[in-house]
Every structure is written in structure tokens, then in C-alpha cells.
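The values are calculated or read from the model by the stated rules, or taken from the named source; none is laboratory data. Small disclaimer: the values here were computed from a predicted structure and weren't measured. All Cβ positions, glycine included, derive from the backbone under ideal geometry; neighbour counts span all protein chains shown.
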Number of protein chains: 2
Amino acid sequence: MTADHVFTALASPARRELLRLLLEEGGQPAGRLAERFDMSRPSVSEHLRVLKDAGLVSESRQGRERHYRLEAAPLMEIRDWLSPYERFWREKLANLTDLLDEMEDHGQDS
Amino acid sequence: MTADHVFTALASPARRELLRLLLEEGGQPAGRLAERFDMSRPSVSEHLRVLKDAGLVSESRQGRERHYRLEAAPLMEIRDWLSPYERFWREKLANLTDLLDEMEDHGQDS
DNA sequence: ACTATACGTAGGTTTTTTCCTACATAACAA
DNA sequence: TTGTTATGTAGGAAAAAACCTACGTATAGT
């Protein structure tokens, strides 16, 4: 729910893989997701819980299955967190290209 | 150096705070950074090492100080990782606004 | 009602992370 | 040289994370 939870959730490769599966293949029941991992089903279940606590997936019961689907909104918080760093990166890149242009100007006249 | 390292580095609030300080106040020696934390200096030093392994900071020796500065490039990998999810998010949002428009059309004629 | 299926939860072990207090190293200063 | 400052490294304790194997619960099917 907080940005902290989101960052923590994204730190695990298994959880990032879960998000990828939900993105590329759409929402799925827990069992079908678990099949794709070289890991016990309860462990996958726990990863899903972490993702859910971070608001990155939602769960809906359908019969005896639990359908999980991607909730991308919290990732937009990450994007926002990232943006000042992106600005910083761009400025640095701009300075570099300016420098290169200047070197070129000095290297060849006219 | 890998995306995995970057995600792991970002998972810690202390390390994100280090990045923020380096972004907002510019590069600084290790000791000055450590002062800002309610944590022992060696612990901060270790966090800096994790950030360095992820390529998020660079270190340069200046006399007996070690100057750390922000390296934002690896964060651009995170941004790239994020982008397909952003697309997903936008589509969902578009569907929602379409639905709302449709409801409005039916609610009031012309 | 009974069995099978789809899950989450409990409890415990192993691994990883985080943090600390010494201690080592290297540079500057007198 | 001798002392002081800046900082990383070692070693270890404590907390957190990641797994696993039972086990519990609820729904579906017969």
C-alpha cells in the first residue's frame, strides 16, 4: 500500500516474474501461476500475498479458484519517484553532448 | 550492475534516502552522508557499497575523503522495466473513461 | 454425505539482510 | 614521527525473508 511496500515487493525476482505473467497473459488463478515456478505452491501463494499487500495484484474468488490480476497503479508511484532522477540523468546527458559539440567545433573550423 | 541488483538496492529506505540526498544536495563525502542517519557510520558505509555494486553511485578518493556521487543511469533500466506496465495502466484508464463517457451519453441526451 | 480440488495458513528451518562494535588503513597535520 | 581524521573491513548478533511440509477450509462434483 505504501511506496515502501511496493519497492520491497519488487525486490524479489519471483514476484517480478508473477507480475510479468499477469501482464503478458492476463489474470489467472493461483494454481495456474504456481505451475510456472520451480517452487512449492504455498511459497508462490506467499509471494502473491506480498504483492497484494503492496496493492500490485487484486484477488477475486471464483468458485473454488482465486483469480489474481495485475493492478498497475502502485507502479505509477514508482514512476513518479523515478522522475527527478530521470531529470538529473537528462541534464547530465545534455552536458555531455554539449561538451562533445564544443570539442567538435574546436576540432574543425567553420 | 544487473537490474536485479538495482531492484534490491532500492528496497531499503536508507539506501533510497542516500540517493535522495545525493540528488538534492549533490555528491558528498561518506562521513557527511553518514551524519544524516540515525545509524552507525559503518552501516551507512555498507549501504553505500550496495548502491555502488548496483552502479547507482560512484566513488572517488579525494585526499582522505571518499566522495560519492549519484549515477542515475541504472535507474533508467527500472524505467524501461516499468514501461509495459505503464502502457497496461493507460489502457485500463482509457477503458474507464470510455465507460464513463458512455454512461454520460445515455444519461443525458444530445 | 463423501471425495476430490484449489487454496491459504501454521510452524519451523535455512539463508539473507541489517546493524553493531572493534580494528585496519591511509592521508593530513604538527 | 606521532597523533588525528576519514573511512572501509571483519566478525558476529539479531531480525527479516524465503522456503518447505503438513494441515485446515471451502467449493464442486457424485
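A few comments on the model shown:
- Identity of the residue in region B:25-45, of a type outside the set (Gly, Ala, Ser) and part of a helix (DSSP H, G or I), that ends up farthest from DNA strand C (Cβ to nearest atom): B:Glu25
- Residue in region A:37-49 that is touching a strand residue (DSSP E or B) at 6+ places or on another chain (Cβ under 8 Å) and closer than 28 Å to B:Arg69 by Cα present: no
- Among residues of region B:64-84, those that are closer than 18 Å to B:Leu21 by Cβ and away from DNA strand C (no atom under 16 Å from the Cβ), counted: 7
- Screening region B:50-88 for residues that are assigned to a helix (DSSP H, G or I), touching a strand residue (DSSP E or B) at 6+ places or on another chain (Cβ under 9 Å) and free of Cβ contacts under 8 Å to residues at least 40 places away in the same chain and picking the one that is nearest to A:Ala9 (Cα to Cα) gives B:Tyr85.
- One residue from A:Arg16, A:Arg87, A:Arg61, A:Arg20 being basic (Lys, Arg) and within 13 Å of DNA strand C (Cβ to nearest atom): A:Arg61
- Yes/no for A:Met1 being farther than 20 Å from B:Leu75 by Cβ, more than 11 Å from DNA strand D (Cβ to nearest atom) and outside any helix (DSSP H, G or I): yes
- Criterion (crowded, with 18+ Cβ neighbours inside 10 Å, in contact with a His (Cβ under 8 Å, 6 or more places away or on another chain) and modelled with pLDDT of 95 or more) met by exactly one of B:Leu51, B:Leu18: B:Leu18
- Comparison of B:Ser12, B:Ser58, B:Ser43 shows that the only residue that is exposed (fewer than 14 other Cβ atoms within 10 Å of the Cβ) and either facing chain A (nearest Cβ under 9 Å) or closer than 27 Å to A:Glu77 by Cα (or both) is B:Ser58.
- Among (1) crowded, with 18+ Cβ neighbours inside 10 Å; (2) more than 14 Å from DNA strand D (Cβ to nearest atom); (3) among the hydrophobic types (A, V, I, L, M, F, W, C); (4) more than 9 Å from chain A (Cβ to nearest Cβ), the one test that B:Ala94 misses: (1)
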